[in-house]
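Please read the structure below before turning to the comments.
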Amino acid sequence: MKAVITVTGKDTVGIIAKVSAKCAEHGANIIDISQSVLRDYFAMIMLVDIDELNVSFSDFVDSMAALGRDSGLVIQTMHEEIFQVMHTI
Amino acid sequence: MLNTADILETISMIREENLDIRTITMGISLLDCATDDPKRLCDKIYDKITKKAEKLVVTGENIEKEYGIPIINKRVSVTPISLVGGELSPEDYLNVAKALDRAAETLGINFIGGFGALVHKGMTRKDENLLSIIPEALAETNLVCSSVNVATTKAGINMDAVAKMGSIIKRAAYLTRDQGSIGCAKFVVFANVPEDNPFMAGAFHGVGEGEAVVSVGVSGPGVVASAIKRAGDCNFSELADIIKKTAFKITRVGQMVAYEASRRLDVPFGIVDLSLAPTPAIGDSVAHILEEMGLEQCGAHGTTAALALLNDAVKKGGVMASSHVGGLSGAFIPVSEDAGMIDAVASGSLSIEKLEAMTAVCSVGLDMIVIPGDTPEAVICGIIADEISIGVANTKTTAVRVIPAYGKKVGESVNFGGLLGHAPVIKLNECSPERFIARGGRIPAPIHSLKN
């Protein structure tokens with residue numbers, strides 16, 4: 001199973017490092033990373049494999065959100081299925 | 001494989017355009033709670049609901065968190081209470097309503113629906129006892145919703161039941177006069193009521209349903225309005241296509257949430273209700289969709305055509321996205337719960353007559369409309385008879401949820417707070433239908449050939 005992590009906020013040094021480190025801490029394997037600018041804010045999207053998580057998915061969601069709050073970013077982790085169902089038939 | 005644009009579109013829909021799942025509703029059969037002992041009946045009902053739906057709220061919250069989609073309400077609907085139990089007095093029924101309320105409080109859900117009766121052809125003594133206590137039940141509970149089906153296309157209209165509705169609504173308004181007559185916001189009168197509707201106040205668990213079932217109501221007027229805005233001045237075929245595609249995406253999320261809730265709760269999946277349900281929040285309005293289509297304000301001539309197009313396209317897009325579609329499925333036009341409708345009534349652009357016409361082409365009916373507190377009972381019955389006739393003649397669901405706000409006159413407004421919103425008091429035709437309503441009996445079922 002995979003999850004999509006979106007990171008939005010002001011661009012600063014070390015965002016990818018922080019988010020990647022937290023993923024590694026919880027056993028989430030990063031598959032893909034892309035950056036984009038949506039309207040006026042910076043957005044980074046990561047696709048991660050969550051099969052080997054060492055915490056529950058729910059706790060992983062909380063942990064990533066907490067990292068975002070501490071770093072002045074919005075980090076949202078969503079199960080990839082919501083994107084699949086909405087955009088594929 | 002996912003692409004960035006799709007991911008950003010979904011996130012933008014949720015964060016900026018108010019896409020949400022309006023409700024996960026668990027329907028629970030209470031038919032096996034039947035007993036002649038009123039006290040034991042209340043205990044059995046409380047126990048069954050709190051056991052069956054024990055994990056409803058936590059499951060909803062977990063799905064919300066893991067998929068990143070807000071789920072606004074968690075609700076329970078039950079078998080119409082007039083069908084449950086033995087011979088009960090009005091006071092016994094009031095105790096059942098309180099037991100439902102306690103169960104809802106224990107579960108932490110937002111509403112519980114089903115304190116009602118199906119009286120489209122006639123009323124049993126039990127039905128009459130239940131109807132007589134509805135105002136007190138609405139006033140003395142917080143979370144209990146009530147609905148009564150007074151007509152079907154096959155049975156015609158039970159005008160004896162319609163004649164009772166005026167006094168029920170007026171008394172509920174009086175008993176809850178300190179809270180803007182909010183009791184009436186929890187009561188709805190139906191024609192052709194669907195048995196699997198997850199939306200309140202009309203949700204109940206139909207007699208043809210199984211032991212328990214999970215249904216989901218989607219929302220998303222803001223998403224549709226934004227898509228139309230981005231498309232600019234396209235023609236009607238293109239407009240319908242845009243709405244269909246958007247409705248498809250919204251409904252797919254609803255379907256996913258419904259399946260996931262069903263799996264986690266180990267309760268069968270019922271239906272997805274693909275309604276566009278507005279909230280008073282800016283950017284979550286059905287009226288604004290109609291205005292985005294090119295109407296100066298909702299209520300302008302052309303509103304009914306715009307709404308018909310919207311309603312049809314939502315259904316066409318949604319039907320393919322879900323394996324089972326049901327409930328009310330269409331566009332809702334509740335006045336107090338829709339920022340654009342509120343503005344349109346306040347400015348005088350939208351009248352009750354226009355709202356009635358709009359209900360002929362969309363789901364539900366005259367919904368969350370605040371009328372003067374001194375409106376006579378017969379006039380309320382007349383409003384109901386008109387609206388119910390539209391449903392019966394057109395083989396569709398219609399309903400009436402009006403609030404004769406105690407002590408309020410045209411020009412004043414009432415604030416219910418939360419999702420129920422606020423609304424100005426709307427002007428009514430003051431001529432009396434009293435002699436017409438007083439005739440009693442049934443209006444015969446309509447013929448469905450010789451269509452004109």
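The values are calculated or read from the model by the stated rules, or taken from the named source; none is laboratory data. The structure displayed is predicted, hence computed values, not measured ones. Backbone-built Cβ (ideal geometry, glycine too); neighbour counts: all protein chains shown. SASA here: full protein model, heavy atoms, side chains in, ligands and nucleic acids out. Shrake-Rupley method; radii C 1.70, N 1.55, O 1.52, S 1.80 Å.
So how many residues does the stretch B:415-427 have that are open to solvent by less than 60 Å² (accessible area, probe 1.4 Å) and farther than 22 Å from B:Ser363 by Cα?
Counting residues in the stretch B:415-427 that are open to solvent by less than 60 Å² (accessible area, probe 1.4 Å) and farther than 22 Å from B:Ser363 by Cα gives 4.
Could you go through the stretch B:92-105 and let me know if any residue there is out of contact with any Pro (no Cβ under 6 Å at 6 or more places or on another chain), among the aliphatic types (A, V, I, L, M) and not in a helix (DSSP H, G or I).
No, the conditions are met nowhere in the stretch B:92-105.
Test A:Gly72 against the criterion of being over 12 Å from the mean Cα position of the chain (by Cα) and in contact (Cβ under 8 Å) with a residue 40 or more places away in the chain, and give yes or no.
Answer is yes for this residue.
Check whether at least one residue in the stretch B:217-226 is within 25 Å of B:Leu30 (Cα to Cα) and either in contact with a strand residue (DSSP E or B) (Cβ under 8 Å, 6 or more places away or on another chain) or surrounded by fewer than 24 Cβ atoms within 10 Å (Cβ to Cβ) (or both), and report yes or no.
Looking for residues that are within 25 Å of B:Leu30 (Cα to Cα) and either in contact with a strand residue (DSSP E or B) (Cβ under 8 Å, 6 or more places away or on another chain) or surrounded by fewer than 24 Cβ atoms within 10 Å (Cβ to Cβ) (or both), one finds at least one in the stretch B:217-226, hence yes.
Can you tell me which residue in the stretch B:215-270 is farthest from the other protein chains (Cβ to nearest Cβ), limited to those that are in contact with a Ser or Thr (Cβ under 8 Å, 6 or more places away or on another chain) and hydroxyl-bearing (Ser, Thr, Tyr)?
Out of the qualifying residues, it is B:Ser215.
State all residues of the stretch B:1-10 that are in contact with a helix residue (DSSP H, G or I) (Cβ under 9 Å, 6 or more places away or on another chain) and open to solvent by less than 50 Å² (accessible area, probe 1.4 Å); if no residue qualifies, say none.
B:Leu2, B:Asp6, B:Ile7, B:Thr10
What's the number of the only condition in (1) touching a strand residue (DSSP E or B) at 6+ places or on another chain (Cβ under 8 Å); (2) within 27 Å of B:Ala321 (Cβ to Cβ) that A:Met46 fails to meet?
Of everything listed in (1) touching a strand residue (DSSP E or B) at 6+ places or on another chain (Cβ under 8 Å); (2) within 27 Å of B:Ala321 (Cβ to Cβ), A:Met46 misses just condition (2).
Suppose we filter the stretch B:1-35 for residues that are more than 12 Å from chain A (Cβ to nearest Cβ) and either at positive phi or in a helix (DSSP H, G or I) (or both); how many remain?
Within the stretch B:1-35, residues that are more than 12 Å from chain A (Cβ to nearest Cβ) and either at positive phi or in a helix (DSSP H, G or I) (or both) number 4.
Which is in contact (Cβ under 8 Å) with a residue 40 or more places away in the chain and more than 17 Å from B:Ile443 (Cβ to Cβ), of B:Thr398, B:Thr375?
It is B:Thr375.
Are any of the residues in the stretch B:246-255 open to solvent by 40 Å² or more (accessible area, probe 1.4 Å) and over 20 Å from the mean Cα position of the chain (by Cα)?
yes
Kindly establish whether B:Asp101 is farther than 30 Å from B:Ala227 by Cβ, more than 14 Å from every other protein chain (Cβ to nearest Cβ) and out of contact with any strand residue (DSSP E or B) (no Cβ under 9 Å at 6 or more places or on another chain).
no
Restricting to the stretch B:183-201, name every residue that is modelled with pLDDT of 95 or more and under 23 Å from B:Glu136 (Cα atoms).
Scanning the stretch B:183-201 gives B:Gly183, B:Cys184, B:Ala185, B:Lys186, B:Phe187, B:Val188, B:Val189, B:Phe190.
List the number of the failed condition for B:Asp233; all other conditions in (1) under 21 Å from B:Ala308 (Cβ atoms); (2) surrounded by 20 or more Cβ atoms within 10 Å (Cβ to Cβ) hold.
Unmet for B:Asp233, out of (1) under 21 Å from B:Ala308 (Cβ atoms); (2) surrounded by 20 or more Cβ atoms within 10 Å (Cβ to Cβ): (2).
From B:Leu290, B:Leu309, which residue is over 21 Å from B:Asp6 (Cβ atoms), assigned to a helix (DSSP H, G or I) and open to solvent by less than 30 Å² (accessible area, probe 1.4 Å)?
The conditions single out B:Leu290.
Please verify whether B:Ile81 is buried (at least 16 other Cβ atoms within 10 Å of the Cβ), touching a Leu at 6+ places or on another chain (Cβ under 8 Å), away from chain A (no Cβ under 14 Å) and under 18 Å from B:Leu19 (Cβ atoms), treating the condition exactly as stated.
Considered against the rule, which asks whether it is buried (at least 16 other Cβ atoms within 10 Å of the Cβ), touching a Leu at 6+ places or on another chain (Cβ under 8 Å), away from chain A (no Cβ under 14 Å) and under 18 Å from B:Leu19 (Cβ atoms), B:Ile81 comes out as no.
Condition first: buried (at least 22 other Cβ atoms within 10 Å of the Cβ) and in contact with a Phe, Trp or Tyr (Cβ under 7 Å, 6 or more places away or on another chain). Can you find one or more residues in the stretch B:208-216 that meet it?
yes
Could you say whether any residue in the stretch B:97-119 is more than 15 Å from B:Val402 (Cα to Cα), surrounded by fewer than 23 Cβ atoms within 10 Å (Cβ to Cβ) and of a type in the set (Phe, Trp, Tyr)?
yes
Going by the conditions given, is B:Thr153 open to solvent by 10 Å² or more (accessible area, probe 1.4 Å) and in contact with a Gly (Cβ under 8 Å, 6 or more places away or on another chain)?
It is true that B:Thr153 is open to solvent by 10 Å² or more (accessible area, probe 1.4 Å) and in contact with a Gly (Cβ under 8 Å, 6 or more places away or on another chain).
Residue check: is B:Gly68 surrounded by 20 or more Cβ atoms within 10 Å (Cβ to Cβ), on the phi > 0 side of the Ramachandran plot and within 14 Å of another protein chain (Cβ to nearest Cβ)?
Spelling it out, B:Gly68 is indeed surrounded by 20 or more Cβ atoms within 10 Å (Cβ to Cβ), on the phi > 0 side of the Ramachandran plot and within 14 Å of another protein chain (Cβ to nearest Cβ).
Only residues that are surrounded by 24 or more Cβ atoms within 10 Å (Cβ to Cβ) and not small (Gly, Ala, Ser): list them for the stretch B:46-55, please.
B:Ile49
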